[in-house]
Amino acid sequence: MDSGGDYLQAARAAFCETISLKMQQFRRVVPKGANPALTGAYVEELVRGFVQDWISPSLLLHGTFYPHENKNPYFPTETNPKQIDGIVYDPRLGPPVVREGSFLVVHPAFCRGVIEIKTSEPRLQLFESRLTALWQQYFFSSSLTVRSIMVIIIQDPEPDVHSAADWREPNSPLFDAYSLQPYNPIFILFKEKDGEYEPFEPAIDAMIRTVFNSAQRPIPCTL
């Protein structure tokens with residue numbers, strides 16, 4: 001019988017092979033190097049499709065949470081609504097306040113976390129601070145830990161180097177979601193060089209485990 005590691009390797013292989021195949025199709029109409037930003041946006045959408053499948057029946061939407069106040073007594077009160085690109089909304093938990101297409105305003109109790117997907121992000125420490133602030137404002141009084149607020153970054157010239165997170169104490173990789181330390185997981189998936197995307201396998205493995213496990217946690221009674 002295969003081990004859990006074998007299943008994870010198979011899932012990672014399917015993910016990487018699908019991205020590679022679809023990139024070949026894409027380059028028939030947008031040649032390599034013709035528009036790097038467009039290519040990155042396309043890969044971002046491919047990854048978004050995988051994430052949506054993994055979190056189903058939850059939905060990956062954008063918008064904000066309501067109410068907006070910060071209930072964390074250790075941080076200043078924050079009432080301005082934040083724009084959030086990856087709200088993991090579970091419609092089984094409760095109704096939205098506002099929903100129009102993929103735009104959503106919803107109570108945090110009806111969500112399983114945040115999974116933002118970005119083409120690239122050079123300011124990783126600053127972006128991690130933003131993720132932590134989202135948790136402090138919207139999820140501090142909930143059962144969700146700070147590790148439920150995460151970001152997937154599609155490309156980076158040196159994902160192994162930039163995943164080191166030397167500002168964390170103790171030092172742990174950005175994609176580590178299983179230590180006891182209160183850090184937001186950040187997954188850098190591909191090394192991009194001259195229009196080619198080389199998978200960074202440790203982050204891809206961690207992403208699959210973290211996204212799937214986070215989306216499948218037990219449903220609380222909220223209504």
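FYI, it's all coordinate maths here, none of it is from the lab. Please read all numbers here as calculations on a predicted model, not as lab measurements. Cβ coordinates were reconstructed from backbone atoms using ideal geometry, including for glycine residues, and neighbour counts include every protein chain displayed.
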Response to the item:
To the nearest 10 degrees, the tilt of helix 201-215 (Cα long axis) against the first principal axis of the alpha carbons of the chain is 30
Worksheet item: Got a sec to turn the phi values of the range 7-13 into Karplus ³J(HN,Hα) couplings, 6.51 cos²θ - 1.76 cosθ + 1.60 with θ = phi - 60°, whole Hz, x for Gly and Pro?
Response: 5, 5, 4, 5, 5, 5, 4
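Can you tell me the order of 183-190, 159-166 when each peptide is scored by its average per-residue count of other Cβ atoms within 10 angstrom, highest first?
Order by mean packing, descending: 183-190, 159-166.
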Fill in: Of (1) 0.95; (2) 1.00; (3) 0.97, the label for Rg/Rh (Cα atoms, Kirkwood Rh) derived from the coordinates
(3)
Item to complete: Taking the dipole about the Cα centre of the chain, with the C-beta of Lys and Arg at +1 and of Asp and Glu at -1, give me whichever of I115, F65, T39 is farthest to the positive side.
Response: F65
Worksheet item: So, in nm, how far is label F140 from label A10 when the simple model puts each one 7 Å beyond its Cα toward the Cβ?
Response: 4.5
Response to the item:
Percent antiparallel among DSSP beta bridges confined to the range 4-215, rounded to 5, stands at 50
Item to complete: Let me have the relative contact order for the range 72-149, percent, based on Cα pairs under 8 Å that are six or more residues apart.
Response: 32
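Let me have the 222 nm mean residue ellipticity of the chain computed from DSSP H runs of 4+ only, each contributing -39500 (n - 2.57), with the sum over all residues rounded to the nearest 500. Spell out each step's value before the answer.
Values: 5 runs with 78 residues, N = 223.
That calculation yields -11500 deg cm²/dmol at 222 nm.
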Worksheet, complete the sentence: In the chain, taking the dipole from +1 charges on Lys and Arg beta carbons and -1 charges on Asp and Glu beta carbons about the Cα centre, the listed residue (G101, S20, V151) farthest towards the positive end is G101
Worksheet item: For T119, T39, what's the fewest-to-most ordering of other Cβ within 10 Å of each Cβ?
Response: T119, T39
Discussion item. What distance in nm lies between label points placed 7 Å from Cα along the C-beta direction at W167 and A37?
Written reply: 2.5
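Relative contact order for the chain: what is it in percent, counting Cα pairs under 8 Å that are at least 6 residues apart? Spell out each step's value before the answer.
On the way: 356 pairs, mean separation 43.6, N = 223.
Relative CO of the chain lands at 20 percent.
Subtracting the Cα-Cα distance from 0.36 nm times the residue separation, let me have the gained length for V29 to H68 in nm, one decimal.
Separation in residues times 0.36 nm, less the Cα-Cα distance, equals 9.7 nm.
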Worksheet entry | Helix 36-55 vs. the chain, principal-axis angle (Cα, 0 to 90°, nearest 10) | 60
